[in-house]
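Notes follow once the structure below has been shown.
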Amino acid sequence: MYRQGQPCTPFSLSFISDVSGKHNTAIPISLRYTGFPPFPVRAEFVVSNCPAAFDCTKQTKSFSAAMPSPLAGSYICKTASTTPTTKLILDVQLIDADGIKTVIQRPQVTCTKP
């Protein structure tokens, strides 16, 4: 990085604000990072407190081309539309092309009944 004129700034993911949205719709999550990760960068979203009514399979989003912070991520609360409003804790992490992982951030996602 020094040869490329970039400072040696660690790759990290900033605090993520809590978000909310309706079941089965993409809920935007702003992924602010620092550093100069080699792309592609992958965002991973894993629910740490999965209720029985939800499909909590890991969700990912890849960013193939280098882009400045923030990255536009999203999470979908996959459940029946009749499921009551529920709060989930989401483990969010970025992984760069070299396999470097950021520290996990844990925003709360409120999944609202439509």
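The values are calculated or read from the model by the stated rules, or taken from the named source; none is laboratory data. Keep in mind that what you see is a predicted model, and the values were worked out from it rather than measured. Please note: Cβ atoms are built from the backbone with ideal geometry, for glycine as well, and neighbour counts cover all protein chains shown. Accessible surface is based on the protein model in full, side chains and every heavy atom, while ligands, DNA and RNA are left aside. Shrake-Rupley method; radii C 1.70, N 1.55, O 1.52, S 1.80 Å.
Structural remarks
- On a per residue basis, region 24-74 carries 53 Å² of accessible surface, using protein heavy atoms and a 1.4 Å probe.
- Taking a ≥ b ≥ c as the square roots of the eigenvalues of the alpha carbon gyration tensor, the chain is prolate, as a/c is not under 1.5 and a/b beats b/c.
- Heavy-atom surface analysis with a 1.4 Å probe gives the chain a carbon and sulfur content of 55 percent of its accessible area.
- The length gained by stretching the chain between R42 and S17 to full extension, at 0.36 nm per residue less their Cα-Cα distance, is 7.1 nm.
- Whole-percent P(r), region 18-67, all Cα pairs, 5 Å bins from 0: 4, 14, 22, 26, 15, 11, 6, 2.
- T85 paired with A53, simple spin-label distance in nm, labels 7 Å along Cα-to-beta-carbon: 1.3
- Reach of K78 by Cα under 22 Å, taken over lysines that are not fewer than 8 positions away in the same chain: K22, K58, K61, K87, K113
- Contact order normalised by residue count of the chain, Cα under 8 Å, 6+ apart, percent: 35
- Calculated FRET efficiency for the pair I104/A66, C-beta based, R₀ 25 Å, to 0.05: 0.60
- Near T102: Cβ cut-off under 13 Å, other residues only, Lys/Arg at +1 and Asp/Glu at -1. The net charge is 0.
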